[in-house]
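Trainee: Got a structure for you, questions after.
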């Protein structure tokens, strides 16, 4: 099992390096979002490409991270405002255990069908592929899979979402 996780991590890191080389300037925004698959808290695999056609707000987060727990409710509320227009919130949990992420979501009444973990090793591999250092870090990905925003979730508001919806 350790060999599988290591191979997954190496493959994901290779994909990010390749995507940076293929995009002029190698910037975080206006480049294809790296594909990944992680299990959600119900144990079902969720892949980013299965969400193409939706605007995806991808949030790297952990229940032990105070700034994360402060920004998550606002992201969730924003997504609820635009859910009918195809906006979804996908959370990659960097918690040490699946239970910690599930507990936070349940205690605060948040859905967890798109809270992804898989394992700490797998979540960290996706975090590395996206070039995320500290959390919280959020991406807005358009309907075709292009990153249109990368940064702190406090910088995402209705105008950012509406701009991506208009593309």
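Every number in this text was worked out from the coordinates using simple rules, so none of it is lab data. None of the values given here were measured: they were computed from a predicted structure. All Cβ positions, glycine included, derive from the backbone under ideal geometry; neighbour counts span all protein chains shown.
Trainee: Taking residue 166, is it in contact (Cβ under 8 Å) with a residue 12 or more places away in the chain and farther than 12 Å from residue 59 by Cα?
Mentor: no
Trainee: Taking the stretch 109-127, which residues are over 15 Å from residue 62 (Cβ atoms) and not in a loop (DSSP other than H, G, I, E, B)?
Mentor: Hit for the stretch 109-127 is 125, nothing else.
Trainee: Do you know which residues across the stretch 72-85 are in contact with a helix residue (DSSP H, G or I) (Cβ under 7 Å, 6 or more places away or on another chain) and buried (at least 20 other Cβ atoms within 10 Å of the Cβ)?
Mentor: 75
Trainee: In contact with a strand residue (DSSP E or B) (Cβ under 7 Å, 6 or more places away or on another chain) and within 24 Å of residue 158 (Cβ to Cβ): which single residue out of 88, 126 fits that description?
Mentor: The unique qualifying residue is 88.
Trainee: Being farther than 15 Å from residue 36 by Cα, without any contact (Cβ under 8 Å) to a residue 40 or more places away in the chain and surrounded by 13 or more Cβ atoms within 10 Å (Cβ to Cβ) is true for just one of 149, 110. Which residue is that?
Mentor: 110
Trainee: Can you find even one residue in the stretch 122-140 that is under 19 Å from residue 81 (Cβ atoms) and touching a helix residue (DSSP H, G or I) at 6+ places or on another chain (Cβ under 8 Å)?
Mentor: Within the stretch 122-140, one or more residues are under 19 Å from residue 81 (Cβ atoms) and touching a helix residue (DSSP H, G or I) at 6+ places or on another chain (Cβ under 8 Å).
Trainee: If you go through the stretch 128-140, how many residues are in a helix (DSSP H, G or I) and free of Cβ contacts under 8 Å to residues at least 24 places away in the same chain?
Mentor: 0
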